[in-house]
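*Asks:* Below is the structure I would like to discuss, written out as structure tokens.
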Amino acid sequence: QVRVVESGGGLVPAGGSLRLSCSTSGTSLSAHSMGWYRQAPGKQREPVASIRLGNNTLYQGFAEGRFTISRDNARNKAYLQMNRLEPEDTAVYYCYVSLPAETAWGQGTQVTVST
């Protein structure tokens, strides 16, 4: 069974940075595309960034230039470096791994950006 666990969330002032981590087990991360979504209170879950096989990355507009997604296949980990955070970035951030028959999700990590 594939397990996905996020960590690294917390409270940060506007303009600050956080680095989220995504640890996976039960599969080799190198064989799959993966990425991050987020869900703010009262809003739908939305994509943030993804990284595909071959390390091609894709960012949503709000993340472009501020967030960086990366992966360490040897450690079965992925990361989301978030800089110049804004209060609008406050959300639960979810990591996912695209498996052949399903998508494996983590439980999420809370990011709160204060004004």
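*Asks:* Quick one: what pairs do we get from segment 3-16, first residue open to solvent by 20 Å² or more (accessible area, probe 1.4 Å) and part of a loop (DSSP other than H, G, I, E, B), second aromatic (Phe, Trp, Tyr) and at pLDDT 95 or above, C-beta under 7 Å, 6+ apart or different chains?
*Replies:* What qualifies is Gly9/Tyr93.
*Asks:* Separate question: Report, by residue number, each residue of segment 58-98 that is open to solvent by 50 Å² or more (accessible area, probe 1.4 Å), polar (S, T, N, Q), within 15 Å of Leu18 (Cα to Cα) and touching a residue at least 40 places away in the same chain (Cβ under 8 Å). Outline the logic, then answer.
*Replies:* Of all residues in segment 58-98, those open to solvent by 50 Å² or more (accessible area, probe 1.4 Å) come to 58, 60-62, 64-65, 68, 73-75, 77, 81, 83-84, 86, 88.
This time we only want the ones that are polar (S, T, N, Q), so: 60, 68, 73, 81, 83.
Next, only the ones that are within 15 Å of Leu18 (Cα to Cα) stay: 68, 81, 83.
Answer for segment 58-98, where residues must be open to solvent by 50 Å² or more (accessible area, probe 1.4 Å), polar (S, T, N, Q), within 15 Å of Leu18 (Cα to Cα) and touching a residue at least 40 places away in the same chain (Cβ under 8 Å): Gln81, Asn83.
*Asks:* Open to solvent by less than 50 Å² (accessible area, probe 1.4 Å) and of a type in the set (Val, Ile, Thr), is that true of Thr24? Quick ask: steps written out before the conclusion?
*Replies:* Details: open to solvent by less than 50 Å² (accessible area, probe 1.4 Å): yes; of a type in the set (Val, Ile, Thr): yes.
In short, yes.
*Asks:* While we're looking at this one, here's another question. In segment 99-115, how many residues are more than 17 Å from Leu53 (Cβ to Cβ) and touching a residue at least 40 places away in the same chain (Cβ under 8 Å)?
*Replies:* Matching residues across segment 99-115 total 11.
*Asks:* Residue check: is Ala40 aliphatic (A, V, I, L, M), at pLDDT 95 or above and open to solvent by 20 Å² or more (accessible area, probe 1.4 Å)? Please lay out each step first, then the result.
*Replies:* Working: aliphatic (A, V, I, L, M): yes; at pLDDT 95 or above: yes; open to solvent by 20 Å² or more (accessible area, probe 1.4 Å): yes.
Yes, satisfied.
*Asks:* Moving on. Quick check on my filter: what residues within segment 99-115 are modelled with pLDDT of 95 or more, of a type in the set (Gly, Ala, Ser) and over 11 Å from the mean Cα position of the chain (by Cα)?
*Replies:* Within segment 99-115, Ala104, Ser114 qualify.
*Asks:* What are the residues in segment 66-99 that are in a loop (DSSP other than H, G, I, E, B) and among the β-branched types (Val, Ile, Thr), if any? Show your work before the answer.
*Replies:* Of segment 66-99, the ones in a loop (DSSP other than H, G, I, E, B) are 66, 76, 83-86, 90, 99.
Passing the criteria: only Thr90.
*Asks:* When segment 17-58 is examined, which residues are found to be part of a loop (DSSP other than H, G, I, E, B) and under 12 Å from Val111 (Cα atoms)? First the steps, then the outcome.
*Replies:* To start, the set of residues in segment 17-58 that are part of a loop (DSSP other than H, G, I, E, B) comprises 17, 26-28, 32-33, 40-45, 52-56.
Passing the criteria: Ser17, Ala40, Pro41.
*Asks:* If Val113 satisfies every condition in (1) open to solvent by 30 Å² or more (accessible area, probe 1.4 Å); (2) over 19 Å from Val5 (Cα atoms) but one, which is the exception?
*Replies:* All conditions pass for Val113, except number (1).
The values are calculated or read from the model by the stated rules, or taken from the named source; none is laboratory data. Being a predicted model, the structure only gives us computed values, none of them experimental. Backbone-built Cβ (ideal geometry, glycine too); neighbour counts: all protein chains shown. SASA here: full protein model, heavy atoms, side chains in, ligands and nucleic acids out. Shrake-Rupley method; radii C 1.70, N 1.55, O 1.52, S 1.80 Å.
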